[in-house]
Every structure is written in structure tokens, then in C-alpha cells.
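Asks: Before we start, here is the structure in question, set down as C-alpha cells.
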Protein chains: 2
Amino acid sequence: MLECIDLSKKLKKKEAKELLDRLDAKVARLQREAKACGIPVMIIFEGWGASGKGTLINRLIQPMDPRGFKVYTIQKENEEEAMRPFLWRFWTKTPAKGRMHLFDRSWYNRVLKDRMDGRVSKEQLMNAYNEIVSFEEQLSVDGTLIIKFFLHISKKEQKKRFEKLEASEETRWRVTAEDWKHNKQYDEYVGVYEDMMEKTDTDFAPWTIIEATDREYASAKILATVSDMLEAKIKEVNTAKAIPAAEEAKPDEPETTFRTSVLDGVDLSKSLSKDVYKKKLDELQTKLSKMHSELYRRRIPVVLAFEGWDAGGKGGAIKRLTARLDPRGYEVIPTASPNDIEKAHHYLWRFWNNMPKAGHIAIFDRTWYGRVMVERIEGFCTKAEWQRAYKEINQMEEHLANAGTVIIKFWMHIDKDEQERRFKERMENPEKQWKITDEDWRNREKWPQYEEAVNEMIVRTSTPHAPWVIVEGNSKYYARVKVLQTVVDALEERLK
Amino acid sequence: MLECIDLSKKLKKKEAKELLDRLDAKVARLQREAKACGIPVMIIFEGWGASGKGTLINRLIQPMDPRGFKVYTIQKENEEEAMRPFLWRFWTKTPAKGRMHLFDRSWYNRVLKDRMDGRVSKEQLMNAYNEIVSFEEQLSVDGTLIIKFFLHISKKEQKKRFEKLEASEETRWRVTAEDWKHNKQYDEYVGVYEDMMEKTDTDFAPWTIIEATDREYASAKILATVSDMLEAKIKEVNTAKAIPAAEEAKPDEPETTFRTSVLDGVDLSKSLSKDVYKKKLDELQTKLSKMHSELYRRRIPVVLAFEGWDAGGKGGAIKRLTARLDPRGYEVIPTASPNDIEKAHHYLWRFWNNMPKAGHIAIFDRTWYGRVMVERIEGFCTKAEWQRAYKEINQMEEHLANAGTVIIKFWMHIDKDEQERRFKERMENPEKQWKITDEDWRNREKWPQYEEAVNEMIVRTSTPHAPWVIVEGNSKYYARVKVLQTVVDALEERLK
């Protein structure tokens with residue numbers, strides 16, 4: 001998921017100045033209010049080397065009253081610390097009421113550096129995740145506000161920054177051999193970071209990804225996030241004081257929104273000639289058909305989930321995918337609106353019912369992600385329900401993965417113009433007219449809401465064991481080949 | 001913890017009849033109401049072989065409308081089921097709105113039989129616990145009421161029942177070689193059951209232990225629990241309908257209370273002569289002193305926690321424990337009321353600060369358990385706070401254990417008469433007068449409340465990695481030797 005995030009975001013000079021000035025004033029005020037309310041605050045900075053943690057922490061504290069906060073830079077454990085549970089040194093650093101503690105790196109070292117350096121066994125890693133989640137839950141339920149930032153830059157950007165630091169005599173010492181090693185290991189770290197964010201992204205201590213290429217943009221997003229979260233927490237505390245039972249009080253919509261986007265960066269101009277398409281298709285279908293028997297023999301279950309814009313090409317891709325598969329070994333499960341019996345159960349129940357047995361492939365044409373798209377946008381479920389669905393869905397997919405399932409999720413992406421073209425084509429073609437309804441046109445009007453929901457969905461549910469693959473769909477040939485290629489590659493990897 | 005539970009509870013014939021009749025009528029009514037409210041209900045029965053699961057399920061459904069429930073007997077997975085994630089067959093068996101599903105054994109097989117038979121690796125076991133908790137959480141947050149019973153009988157009682165079944169031709173077939181194997185493995189199973197209950201005892205799906213020696217008592221406790229939990233859930237649903245924001249609505253105190261007790265069965269007549277005491281003391285202190293160096297050398301941290309009635313003998317026991325230890329290697333941490341700085345932090349913060357480093361012993365004279373005793377009883381924290389403290393404390397102790405810490409918790413137990421004798425003795429002895437205050441006499445008046453809190457505390461926080469040891473304290477000699485012996489045994493086990 002981290003690879004898909006659009007890292008090109010920046011602010012214009014003048015816009016930045018005004019925005020930052022306003023946010024500075026707001027954060028300064030909110031810091032005082034949080035102190036008066038006795039709210040303990042922990043702000044954690046994790047992210048790539050050279051992503052600017054130090055600079056951005058300095059920028060964040062600039063407007064603040066220095067008597068109210070303390071910055072901890074977390075290095076390797078000292079001897080005293082190494083002799084205790086790894087969270088000990090963080091328990092002892094939890095803020096008192098009304099204090100704010102900022103962490104430049106944190107307890108997440110345990111599941112990052114320690115893990116990458118092989119100092120943590122598989123069992124210790126699982127323990128560490130459980131311990132981190134309960135640590136944050138215990139503090140949070142006790143009233144602590146926990147804000148977690150992940151500063152994200154690309155491999156190329158990181159390399160560029162290291163080189164720039166090395167070019168100057170003054171800063172050369174800051175780039176170590178280890179830094180270069182990390183740059184080489186970038187792709188491995190992506191998996192480790194994604195794992196970390198999936199396992200520890202909770203209602204009470206969510207992660208915020210900061211696109212850190214542009215310093216101004218990153219500063220503004222950090223200030224805006226801190227501002228929004230402080231404001232919401234202060235409101236919660238004040239409401240609780242006034243009306244003890246009003247637990248559900250939700251903060252206003254944030255005034256400043258810096259959305260993480262994965263769709264903005266997608267290159268929809270990708271295409272394939274008919275000749276190449278036919279050749280590739282034939283080659284991949286043959287490969288897949290052979291693998292299918294091998295999957296069956298080795299009892300590996302496979303889940304392929306298809307989502308995408310209306311007319312995004314789901315049906316066509318599924319057709320090409322299954323063309324040469326043995327029908328006894330796969331099933332296509334179309335997902336319509338839930339019927340009465342389905343409505344009487346948990347929304348995941350009907351999907352659990354259809355999960356494949358070992359050795360079989362289940363292909364879902366639309367999926368459980370309806371919860372965080374159509375149900376969210378149409379108000380078919382409450383805000384609390386779709387908000388907790390990300391976690392529930394991640395859990396379900398993890399349970400499947402624990403049982404050995406290969407899971408791939410496709411987002412069939414086209415732009416609005418292409419959709420219009422396809423809608424019209426369908427209306428004009430008598431054989432395709434059944435594919436298009438008034439509802440499709442109505443959904444189309446909600447394109448921006450869907451865009452927002454899809455961005456959030458992909459960021460929050462892309463996991464190492466169940467990744468989202470965004471398929472550039474303006475060219476049907478390109479899209480179908482990409483789907484097949486992705487499946488073939490993933491299965492090859494598993495069958496190795 | 002299971003070993004300490006008082007299993008001798010029974011009901012008198014006449015009392016039982018009246019009570020069961022009343023509970024039957026109530027459960028019948030509540031079942032109808034729950035159906036009308038559209039509440040899905042899952043009732044799980046786990047427990048020892050021959051603890052009466054079948055009989056007790058039959059007894060529970062007796063008053064119910066048979067159109068409203070369904071009983072599942074969970075055997076070994078069939079082939080279809082074995083080819084899917086282990087929870088799949090339970091997801092497909094979740095009740096629709098207004099339905100009640102009862103389970104004779106359940107998804108807990110995975111962490112019980114499968115575990116004991118070596119079919120589950122350590123990693124799979126941890127996954128299984130996580131998956132079970134999220135399964136129950138997802139259903140519960142969606143509105144399902146989950147009631148979990150653990151039917152408890154002693155090893156002796158189980159043996160007796162097997163023998164009785166074998167004695168009759170008609171029932172002989174019901175006792176298998178495997179049953180006898182389980183009876184032999186009783187003590188191992190205790191650890192496995194305790195682990196299960198600790199890891200899966202949640203606010204949303206708590207375990208209820210049923211003392212199942214006496215059938216009448218067990219039936220009544222089951223009916224009363226189902227009745228209380230249905231009533232609370234119905235009230236919650238109705239309240240939510242009437243006033244959408246009233247999340248905090250707590251059920252009334254249950255009208256029928258069947259408390260699990262660990263203190264009732266304690267034999268306080270145990271004692272030791274002075275000669276034996278002196279000999280034992282000398283022997284154990286010498287042993288402990290040697291082990292202390294070995295602990296240090298092998299960097300094992302040790303936490304010894306002392307709780308108990310006022311004048312229960314904590315001080316005396318700690319004194320004998322430390323008499324020949326190297327003072328550089330241990331620390332006694334007395335716990336008074338929290339000061340202002342401590343009050344400004346999470347209640348566990350001050351204890352985390354004092355956790356021992358590897359190779360050291362920390363002895364706590366009163367502990368974090370104050371949260372669920374004095375703070376609960378005196379109202380120094382809210383009900384929600386002390387109720388969630390069990391989980392938080394279990395988590396903290398698990399984190400310590402994950403880091404290799406040996407943890408033992410002592411409850412220094414005396415009866416009320418003995419306490420009075422000791423209080424008076426202290427008042428009459430000028431050198432001991434400082435030990436007794438007005439507060440001690442006031443606390444004494446709350447003996448029944450404390451008794452209830454202590455019973456609940458020991459049941460809910462006794463874990464394989466941090467067990468409670470109840471010390472029969474009327475005889476000081478006996479108590480001190482038991483404390484030393486327990487520590488020596490536990491350390492010997494670890495140093496093996």
C-alpha cells in the first residue's frame with residue numbers, strides 16, 4: 001500500500017505561509033486548553049531515515065509553550081533498560097495529566113529495527129504487537145491522547161537526501177553505512193512498516209501517514225492532524241464533564257483535510273496492443289491452468305476479490321481469469337445487496353459462508369468492502385459501523401491468511417470520462433443495455449465521495465498478506481493482462 | 001486458580017425447587033423478550049469430561065420455547081471443515097437476529113483438545129487466541145450476546161463419575177480410554193484451561209465458572225447467569241432505542257448471586273510447631289540465598305507480590321524471606337496511597353517504575369491489586385475502571401512474563417477472629433502500637449465487601465505465569481514456611 005501513495009503532494013509558497021500561520025495559532029491555543037483540561041498527550045514520530053523527523057518535530061513545537069512539552073529521542077536501549085521488558089522505558093516516560101511528550105522514534109523500534117536486525121523471534125514479535133496494543137489501549141482508556149505519525153518518502157527520494165547530505169562536509173557524518181543498507185532494504189522495510197501499521201492501527205491510537213516529500217506540506221498536515229485530534233479530545237473531555245452519559249459525542253468534521261491518496265498517482269495512459277494482449281493472455285492462461293492443479297494438489301485456498309468503478313472492467317477480467325480453469329476448482333461469487341436472511345446476520349457472515357476450501361479458488365465480484373463504500377456513502381450503516389469495519393475486515397483476511405489462504409484484492413480503476421464513454425456505449429448497444437441502470441448514473445454523481453472512500457479503504461486495508469492491487473483500467477487489454485499476471489506471480493511465489 | 005475454587009457448594013432440596021421454578025419462569029419470559037428485540041444469543045458450554053454438559057444444557061433449555069433455539073454438539077471437524085480456517089464452521093453457525101444457539105463444546109476445542117494433542121504449534125495457538133477474541137468481539141459489537149460457561153469439577157469427582165458410569169452396563173460405553181487419559185492429565189489441563197480463560201475473558205464475552213459438583217447448584221447458577229445477562233442485554237437494547245446516546249446504561253445488580261469462592265475452602269487450622277518451623281526456616285533461607293546468586297548470574301527477574309488482610313502477616317513473611325538475601329539483589333517496595341504525581345499518571349505507572357531488572361528480586365508489600373480492592377470498595381475509582389483493571393493487570397503481568405520474569409502473588413489469609421486477636425495484641429504492646437490505626441478497624445467492618453472483591457480478584461487474575469498462592473495464615477509459622485517454600489519451589493523449577 002505504501003508504494004501506491006501519491007507522494008508528489010506539495011503546497012504553494014503563499015498558500016503554505018497563510019495556512020501554517022493559522023495552524024500555529026490554533027495549535028498554540030489548543031495546547032493551552034489541553035493543559036487546562038489535564039489531558040496527557042503522546043505524539044509519536046516514526047518513518048524512513050532522512051524523512052525529516054527531527055526537522056518536523058521542531059516545526060511542530062515551534063508554536064508551543066516550551067513549559068508544556070518534552071521531546072524524547074529514542075536510541076538503542078541502555079543497559080538498565082535492556083534488563084527490563086521493552087515497554088518499561090516507555091511506561092516510565094508516560095506524561096502526567098496536562099503534559100505532552102513527543103517521541104522521535106518510539107516503542108515501535110521493537111517491531112522495526114529489532115525485527116529487521118533479527119533480534120526478535122516470531123513469537124516475540126507477536127507478543128510485541130499484543131503488548132504495544134494493550135499499552136496504548138491502557139493509556140488511551142485512561143484519558144491519554146495518542147497521535148502517531150508515519151513519515152513517508154520514496155526510495156528514490158531517500159537516496160537523493162542521503163546523497164545531498166553526503167555532498168556537504170558538515171552533514172556527511174550523518175549518513176552511515178547502515179543508512180545505505182536501509183535504502184537497499186527499502187522494499188523489505190515496506191512490508192515491515194505495513195505490518196506494523198496494520199497490527200497497531202486502532203480506534204484509540206490510529207496511524208496518520210505523512211507524505212513527507214514536501215516539507216511545507218508535511219508540516220501543515222502534521223499541525224492540522226494535531227490540531228484536529230486535540231480539538232476532538234478537548235471537546236470529548238468537556239462534554240463528558242457537562243453530561244456524563246454523552247459518550248457518543250463525535251468531533252466536528254475537521255476543518256483542514258489532508259487526505260492520503262493512492263488513486264491520484266495512477267497512470268491511466270498505460271495500454272497494450274491487441275497483438276501483445278492476445279499473446280500474453282494465451283501464455284498466462286496456460287500457466288494459470290497448470291498452477292490450478294498444483295494448488296489443488298497442495299491444498300492451498302485462494303481468494304480473489306474484485307472491486308472497482310462501475311464499468312471498470314471487473315466482469316471482463318474475471319472472464320479472462322477463469323477461461324481455462326477447471327470449473328470444479330473455482331467459484332465466482334457475485335455480491336448483490338444483502339437479502340433478508342443476510343441482513344439478519346453479521347455483515348461478514350455471508351462472505352464467510354463462501355470462503356473457499358483448501359485447494360479451491362473463490363472469486364468475489366464485489367465483496368465485503370461494500371461496507372466501507374456503498375454502505376458508508378448511502379448511509380446503510382452507521383458511521384461507527386463502517387469505521388470499525390476496516391479493523392474487522394483486516395482481521396477476517398488475517399484469519400484466512402493464517403489458514404494458508406492466498407488473498408489478492410483488485411481495484412479496477414478508470415477515470416470519469418472513460419466511465420461516461422462506457423456507459424454510453426452500453427446504452428447504445430442492445431446486447432449490453434442490461435448492464436446499465438439508472439442507479440449507475442446516480443452513483444456516478446457521487447464520484448468524489450467514492451474517491452474519498454476508496455482512498456481510505458486502500459490505505460487502511462492493504463496488508464502484506466492481503467494486498468490491494470490497483471489496476472489501470474482505461475485500456476481493457478492492459479487491465480486484463482495485469483490481473484492475470486498479478487495472480488500468476490502471486491501463486492508462483494506461493495508455490496515456490 | 002481452578003484448584004482453589006470451592007467446589008463443595010450445593011443447594012438444599014427445598015430451596016433448590018423454589019429457586020429453579022422461579023428462574024425457569026424468568027428465563028422463559030426473557031427468551032421471548034430477547035426474540036422480540038431481535039437479539040442473537042450464543043451460549044457456550046466448555047468444561048471437564050463428565051462435568052455434566054449434556055445434562056445441564058438439557059436443564060437450561062427446559063423452560064424455553066423450542067422454536068427459539070438450536071443446540072450444536074461440536075465434534076471433530078469433518079473433511080469440509082478441516083479444509084477451511086477453524087472458525088469457518090462457527091461463522092456459518094452464528095445465530096440470526098432473535099435466535100439462540102447453544103454449543104456443547106465450541107471453537108475453544110482449538111485451544112484445548114487440539115492443543116493438548118499437539119496439533120497446534122505455539123504460533124498457531126497465539127493466532128487462535130487472537131482470532132477467537134476478534135470473532136467474539138465482532139459478533140458482540142454487532143449485537144450478539146455471548147455467554148460462556150466453564151463447568152468445573154475436581155479430579156477426584158471426575159474419577160468418581162467415570163467409575164460410576166463404568167459400573168453400569170448401560171453407560172459403560174460412554175467412558176473411553178481417552179477419558180481416563182484426560183483424568184490422568186488433569187493437572188496439565190488445569191494450566192490449559194486457565195490459559196484459555198485468561199486470554200479470552202473479555203468485557204464483551206466473559207467466562208462464568210460453574211461449580212458443577214452439585215447438579216442443582218450448577219443448574220441454578222446457569223439459569224441465573226443466563227437470566228441476568230439476557231435481562232441486561234434487553235435493557236441495553238431498549239435503552240438504546242429510547243435514548244440513542246445512553247451508552248453507559250448499566251444493568252441493575254443481579255437479583256440472584258452465585259459467587260465463585262476461593263477463600264471459603266481454605267483450611268486455616270494448618271500449623272507448624274516451633275521446632276519444625278526453625279529447622280525448615282533455616283533450610284529454606286539457605287537454599288534461597290544460593291539460588292539468589294544463580295538468578296543473578298542467569299539474569300532472571302523475580303516479582304513477589306504480597307496482599308492480604310490487615311495483620312495477615314505480610315511483614316513477617318517478607319522479613320523471613322529476605323533475611324539472608326544479598327541486599328544488592330533485592331528491593332522491598334512498600335505501597336502507600338498514591339501521591340499527587342502518581343495520581344497524575346496511569347495507576348500502573350508507579351508499579352512499572354519499580355519493576356526489577358533482570359537478575360533482581362522486587363518484593364511488593366501491597367501492590368497494583370489495590371485497584372480492585374481498596375479503590376473498588378472505597379469508590380476511589382469508577383466501576384468501569386476497576387472492572388477493566390483485571391484485564392489490564394493480567395496484561396501487565398503477561399508482559400513481565402514474556403520478558404522472562406518469575407511472578408508469584410501471595411494472599412495472606414486469616415479469619416476475622418484471628419485478626420481481632422492480632423489487632424488487640426498490637427494495641428496492648430507499646431512496640432507494636434504504631435502498626436494499628438483507626439483505619440484498620442474501619443476496614444475490618446467492610447470484611448464482607450473485601451471478601452467478595454478478593455474472591456473475584458483471585459479468580460480473574462490467577463494465571464499460569466502469575467499464579468495466586470493463598471497462604472493459610474492463622475499460624476504464623478506455617479504461613480512463613482509456606483511462602484518460603486513456594487518461592488524456593490518456583491525458582492527451582494525455573495532454574496532447572
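The values are calculated or read from the model by the stated rules, or taken from the named source; none is laboratory data. This structure is a prediction, so every number in the text was calculated from the model and none was measured. Neighbour counts are summed over all protein chains in view; Cβ atoms, including those assigned to glycine, are modelled from backbone coordinates with ideal geometry. The accessibility values were calculated without ligands, DNA or RNA, using every heavy atom of the protein model including side chains. Shrake-Rupley method; radii C 1.70, N 1.55, O 1.52, S 1.80 Å.
Asks: Taking 8 Å as the Cα distance limit and 6 or more residues as the minimum spacing, I'd like the relative contact order of chain A as a percentage.
Replies: 19 percent
Asks: Could you pull out every residue, at least 5 positions away or on a different chain, whose amide H is within less than 5 Å of the one on B:ILE333? Hs are placed 1.01 Å off N in the peptide plane, and Pro or chain starts have none.
Replies: Amide H neighbours of B:ILE333: B:ILE363, B:PHE364, B:ASP365.
Asks: Taking the Cβ of A:GLU157 as the center, what net charge do the other residues with Cβ under 14 Å away carry, scoring Lys and Arg +1 and Asp and Glu -1?
Replies: +3
Asks: In whole Hz, what ³J(HN,Hα) sequence does the stretch A:106-123 give by Karplus (6.51, -1.76, 1.60; θ = phi - 60°), x for Gly and Pro?
Replies: Residue by residue, the stretch A:106-123 yields 7, 4, 6, 3, 4, 9, 10, 4, 4, 5, 4, 7, x, 8, 10, 6, 4, 5 Hz.
Asks: Here's a follow-up. Quickly estimate the mean residue ellipticity at 222 nm for chain B, helices only: each DSSP H run with n ≥ 4 gives -39500 (n - 2.57), and the total goes over all residues, rounded to 500.
Replies: So the calculated ellipticity at 222 nm is -16000 deg cm²/dmol.
Asks: 7 Å along Cα→Cβ for the label point: how many nanometres lie between B:ASN339 and each equivalent label in the other copies, listed shortest first?
Replies: Result, one decimal in nm: 6.9.
Asks: Can you tell me the Rg and the Dmax, both Å, for the Cα atoms in chain B?
Replies: In order Rg, Dmax, the Cα atoms of chain B give 24.5, 77 Å.
Asks: Please list the non-local residues whose amide H lies under 5 Å from the amide H of B:ILE146, H modeled 1.01 Å from N, same-chain partners needing a gap of 5 or more.
Replies: B:MET42
Asks: Which value, in Å² rounded to 10, gives the accessible area of B:GLU123 with a 1.4 Å probe and all protein chains present?
Replies: Accessible surface of B:GLU123 is approximately 70 Å².
Asks: Sticking with this structure for a sec: Output ³J(HN,Hα) for the stretch A:298-310: one whole-Hz value per residue in order, computed from phi by the Karplus curve 6.51 cos²θ - 1.76 cosθ + 1.60 with θ = phi - 60°, and x for Gly and Pro.
Replies: In residue order, the calculated couplings are 8, 6, 9, x, 10, 10, 10, 10, 10, 10, x, 4, 4 Hz.
Asks: Follow-up question, since we're still on this one. Over all alpha-carbon pairs in the stretch A:393-496, figure out the percentage whose distance exceeds 23 Å.
Replies: Of all Cα-Cα pairs in the stretch A:393-496, 43 percent lie more than 23 Å apart.
Asks: Got a sec to turn the phi values of the stretch B:356-364 into Karplus ³J(HN,Hα) couplings, 6.51 cos²θ - 1.76 cosθ + 1.60 with θ = phi - 60°, whole Hz, x for Gly and Pro?
Replies: x, 7, 3, x, 10, 10, 10, 10, 9
Asks: How far, in degrees from 0 to 90, does helix A:274-297 lean away from the longest principal axis of the Cα atoms of chain A, to the nearest 10?
Replies: 80 degrees
Asks: Could you pull out the pairs from B:LYS10/B:LYS160; B:LYS14/B:LYS233; A:LYS70/B:LYS343; B:LYS155/B:LYS280; A:LYS10/A:LYS70 whose alpha carbons sit more than 22 Å apart here?
Replies: Beyond 22 Å: B:LYS14/B:LYS233; B:LYS155/B:LYS280; A:LYS10/A:LYS70.
Asks: Give the aspartates and glutamates reachable from B:LYS12 as a straight Cα distance under 13 Å; neighbours fewer than 8 places away on the same chain don't count.
Replies: B:LYS12 reaches B:ASP214, B:GLU216.
Asks: Something else now. Which of rounded, prolate or oblate describes the stretch B:107-250 when judged by the alpha-carbon gyration tensor and an a/c cut-off of 1.5?
Replies: oblate
Asks: Also, quick follow-up: How large is the convex hull of the Cα atoms of the protein assembly as shown per residue, expressed in Å³ as a whole number?
Replies: So the per-residue hull volume is 213 Å³.
Asks: A further question follows. Kindly flag which residue pairs out of B:LYS270/B:LYS319; A:LYS235/A:LYS416; A:LYS391/B:LYS148; A:LYS53/A:LYS184 have an alpha-carbon separation exceeding 28 Å in this structure.
Replies: A:LYS235/A:LYS416
Asks: Using only Cα atoms, find the angle between the long axis of helix A:416-428 and the longest principal axis of chain A, and express it within 0 to 90 degrees, rounded to the nearest 10.
Replies: The answer is roughly 20 degrees.
Asks: Please name the residues of the stretch B:401-434 whose accessible area, counted over protein heavy atoms with a 1.4 angstrom probe, falls by no less than 20 Å² between the chain alone and the full protein assembly.
Replies: B:ASN402, B:ALA403
Asks: Separation between the B:GLN433 and A:GLU81 pseudo-spin-labels, each 7 Å from Cα along Cα→Cβ, expressed in nm?
Replies: Distance between the two pseudo-spin positions: 5.1 nm.
Asks: Relative to the longest principal Cα axis of chain B, at what angle does helix B:186-200 sit, 0 to 90 degrees, rounded to 10?
Replies: 80 degrees
Asks: Based on the Cβ-Cβ distance from A:ALA384 to A:TYR72, what FRET efficiency comes out when R0 is 30 Å, to the nearest 0.05?
Replies: For A:ALA384 and A:TYR72, the calculated efficiency is 0.35.
Asks: Counting protein heavy atoms only and a 1.4 angstrom probe, how many square angstrom of accessible surface do chains A and B bury in total, to the nearest 100?
Replies: 5000 Å²
Asks: Between B:GLU492 and the same site in the other copies, what are the distances in nm, shortest first, taking label points 7 Å from Cα along the C-beta direction?
Replies: Taking the point 7 Å beyond Cα along Cα→Cβ, the inter-copy spacings are 6.2 nm.
Asks: Can you list the copy-to-copy distances for B:GLY265, using a point 7 angstrom from Cα toward Cβ, in nanometres, shortest first?
Replies: Relative to the other copies, B:GLY265 has label-point distances of 6.2 nm.
Asks: What aspartates and glutamates could a cross-link reach from A:LYS290, if we take a straight Cα to Cα line under 16 Å and drop same-chain neighbours fewer than 8 places away?
Replies: A:ASP282, A:ASP326, A:ASP489, A:GLU492, A:GLU493
Asks: Which value, in debye to the nearest 20, describes the size of the charge dipole of the protein assembly as shown about its Cα centre when Lys and Arg Cβ atoms bear +1, Asp and Glu Cβ atoms bear -1, and nothing else is charged?
Replies: Dipole size: approximately 1480 debye.
Asks: Once label points are set 7 Å from the Cα along Cα→Cβ at both A:LYS290 and B:ALA25, what is their separation, rounded to one decimal in nm?
Replies: 7.6 nm
Asks: Quick one: net charge of A:ASP438's neighbours, Cβ under 14 Å, K/R +1, D/E -1?
Replies: +1
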